[in-house]
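Taken together, the values in this text are just the output of simple stated rules run on the coordinates, not laboratory data. None of these values were measured; they are calculated from a predicted model. Note that we place each Cβ from the backbone using ideal geometry, even for glycine, and neighbour counts take in every protein chain shown.
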């Protein structure tokens, strides 16, 4: 399941950013392999104790770094080609954003929007910004969907409630934008999977410039902050209340961090996860394959150690 959700989110982010279909759910290509190699390297670097990869000489002889460098080069060339083609189209059509609401049905990508806005930005900066979005917006949502469906499969009553809501709201059709706000239980299932609070320790002096690391995973499961902290309870957040965030929970809930450096793609990620989970539950039943050990491994996100296997059937 983790592999499939990861492929899905890669396809979504590719179309959203570049209007480029990786089609990773059904095909293999050098670009797809390069993306996964680069994403894996980003995760490994986030946990490497010694950043040896900052030494240019080592990057030319260490096999992992050689492979990663080739992957990044291929991705950059692909994105640069997409930027050049999109620039040519925008210039040829004389496209310019004048209205507050910009819609381009032929190419609704973020790249097209940025180029049509005529902001002064270099192709290199644009490329690097889009690649950052690709890394940040792919593995994270795939991981959330994986663990959400796992927890739902372990809690039959919650799974039944989620499917009942999907059936009632969507009535057999594909979800529209207006439906998202009505999928309240689904939303809370997803948010609960990413739940985080934060309590500053007392009587500790923090010097200027000192780094502070908050263990999001542990605080989310702290009984000092949440009742029944270890239980999967989407009802923890009132369905008719506001969608929980860092401000209305006094920073006890920060799945996307908070403050000026909060994740800029939080609404995109949440919308993507809601739609994906709603369509999945609308069409499929899931059941955990018995006698498998589900364990976690950490990187840039939390992954399953050996995958998540389920029996899937049409509803």
- Query: Based on DSSP H runs of at least 4 residues, each adding -39500 (n - 2.57), what is the mean residue ellipticity at 222 nm of the chain after dividing by all its residues, to the nearest 500 deg cm²/dmol?
  - Reply: -16000 deg cm²/dmol
- Query: Hey, quick one: spin label on residue 106, modelled 7 Å out along Cα-Cβ, who in segment 66-93 has an amide N within reach, i.e. under 18 Å?
  - Reply: 82-93
- Message: Once you order the gyration tensor axes a ≥ b ≥ c over the Cα atoms, which shape class does segment 127-186 get: rounded for a/c under 1.5, otherwise prolate or oblate by comparing a/b with b/c?
- Response: oblate
- Note on the structure: Which of 174, 19, 207 fluctuates most in a GNM of the chain (C-alpha springs under 10 Å)? That residue is 207
- 16 Å cut-off, amide nitrogen to a point 7 angstrom out along residue 288 Cα→Cβ, residues in segment 157-174: 157-160
- Taking r as the C-beta separation of residue 240 and residue 279 and R0 as 25 Å, the FRET efficiency to the nearest 0.05 is 0.55
- What translational diffusion coefficient, in µm²/s and rounded to a whole number, does the Stokes-Einstein relation yield for the chain at 20 °C and a viscosity of 1.002 mPa s, taking the hydrodynamic radius as the Kirkwood radius over Cα pairs? 98 µm²/s
